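Written out below as structure tokens is the structure these notes cover.
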Amino acid sequence: MSGAMPGVEVVGLGATTPVGLDVPTTATSVRAGLVRFAEAGLLNRAHERQVVSFLAEHYLPPLEVDGTRLSNTWIRLLRLSTYALAEACAGLTGAAPLLLALPEDRWGIQLPSSRVMMEQLARQSGVRLDVASSRVYRHGGAGGLLALRDAMRLLSTGQASTVIVGGLDTFNHPRRLAVLDSEDRLRPRGTDGFIPGEAASFLLLSTPGGARRFGLEPVARITHVGVGTEQGHRYSEEPYLGDGLAHAFQALFAGMPGNAPKVQCVFAGFNGESLPSKEWGVAYLRNAERFQEAHRIEHPADCVGDAGAALGPLMLVLAAERLRAGHVKGPTLVWSTSDLEGRAAALLQPT
């Protein structure tokens, strides 16, 4: 678990999703409840077309790197990243490390080495990355918030003045879909399932007060991150108790005084499956005194599908954008979970 940390400023946002190629379009679409679910060319075990939330091919920009030895999935992720990474880093001068959440390595998705990935992302987006200080997080749904925790440490210790945190993921991968289908985890056939999606989402972070030194305007502040471990996760033989997310909440709130303002809005990592809902119930009941009684709950996966490792950063992006626009009030809590043991939460405030 992770305790209190100095806050950081969010100074750039970027997102490409099935409902928008940039943050304004995605945020407006999600706020309006728009969806782009469609039948794919893939058949499930019932020989029905699988419903997905993927971008149409013509919306993806061309590949800017040599794709001769790249897997189809990594090519798609590179193309997905193009607009979002450039959008988040539009005001960046110099190079910054990228802490990037990616799908778990259990799916057999072929990815280059971390260094090669960062070099290709930089070329694809035109963003200068500090490749040597960048790193990847193969933790699935909670990976983006785990990356955020480390980004806050880099900033608070002076190891970096700006850091990019992001997530890239797509379920447009036949083997991955086949495994999930065999487990009855995909809708509409699975009654306790989700719509497979994809997204690229990034945040540019700076030290408190540092944004204006770089000529950037803060969008929101991230003040606390908490991390927990769920021993009884979906693929574990341990009993499922829902402790991991509750511990993440407790770690997050441990750094706050008891009279701190209560959470008014929650961006929840619901994806349509029952387990995240049950975990939220446990985590909320154990920390109910930290929430306004009439708090608001947002769940963007209803619009974009399950974006995997990109969902956590996407919720951070949407929460920051809503705070900037005054559509929600702080504190706003964002939480996400992985299929395996990772659980994490973050707290955002308006500037």
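The values are calculated or read from the model by the stated rules, or taken from the named source; none is laboratory data. Source: prediction; values computed, not measured. Neighbour counts run over all protein chains shown; Cβ positions are idealised from the backbone, glycine included. Please note that ligands, DNA and RNA were not included when accessible areas were found on the heavy atoms of the full protein model with its side chains. Shrake-Rupley method; radii C 1.70, N 1.55, O 1.52, S 1.80 Å.
Here is how the numbers come out for the structure above:
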item	result
Mean Kyte hydropathy of 0.0 or more with a Cα span along the axis of at least 24 Å, helices from DSSP in the chain	72-88
The range 140-254, accessible area per residue, ligands and nucleic acids excluded (1.4 Å, Å²)	35
With DNA, RNA and ligands ignored, accessible area of Asp302 (1.4 Å probe; Å², nearest 10)	80
Per residue Cα convex hull volume in Å³ - calculated over the range 50-147	123
Leu340 accessible area, assembled protein chains, probe 1.4 Å, Å²	50
Burial order of peptide ranges 94-106, 41-53 (average beta-carbon count within 10 Å, highest first)	94-106, 41-53
Neighbour cut-off at most 16 other Cβ (10 Å), DSSP loop, trypsin sites (Lys or Arg not before Pro), the range 143-247	Arg189, Arg234
Solvent exposure ordering (accessible area, 1.4 Å, most first) of Tyr83, Tyr284, Tyr137	Tyr83, Tyr284, Tyr137
Relative contact order of the range 2-55, defined on C-alpha pairs under 8 angstrom at six or more residues apart (%)	24
Alpha carbon centroid spacing (whole Å) that separates the range 65-126 from the range 267-343	25
GluC sites (Glu not before Pro) within the range 212-282, DSSP loop, no more than 11 other Cβ atoms inside 10 Å	Glu237
Peptide ranges 31-38, 138-145 listed from the most packed, as the mean C-beta count within 10 angstrom indicates	138-145, 31-38
Accessible surface of the chain [probe 1.4 Å, protein heavy atoms]: carbon and sulfur percent	48
Candidate residues Lys278, Lys262, Lys329: accessible-area rank, largest first, probe 1.4 Å	Lys329, Lys278, Lys262
Sum of -39500 (n - 2.57) over DSSP H runs of 4+, divided by residues of the chain (222 nm, nearest 500)	-9500 deg cm²/dmol
Length released on extending from Ser133 to Asp66, taking residue separation times 0.36 nm less the Cα-Cα span	21.8 nm
Alpha-carbon Rg/Rh ratio, for the chain, with Rh computed the Kirkwood way	0.94
Only Lys, Arg (+1) and Asp, Glu (-1) charged, at Cβ; the range 87-167 dipole about Cα centre in debye	100
Cα-based shape type of the range 274-326, given that a ≥ b ≥ c are square roots of the gyration tensor eigenvalues and the cut on a/c is 1.5	oblate
Heavy-atom accessible area per residue - the range 34-104, 1.4 Å, Å²	48
Cα extents of the range 164-302 along the three principal axes, largest first (Å)	51, 36, 28
Sequence of His327, His58 when ordered by accessible area, the most exposed leading, probe 1.4 angstrom	His58, His327
Cα-based shape type of the range 262-351, given that a ≥ b ≥ c are square roots of the gyration tensor eigenvalues and the cut on a/c is 1.5	oblate
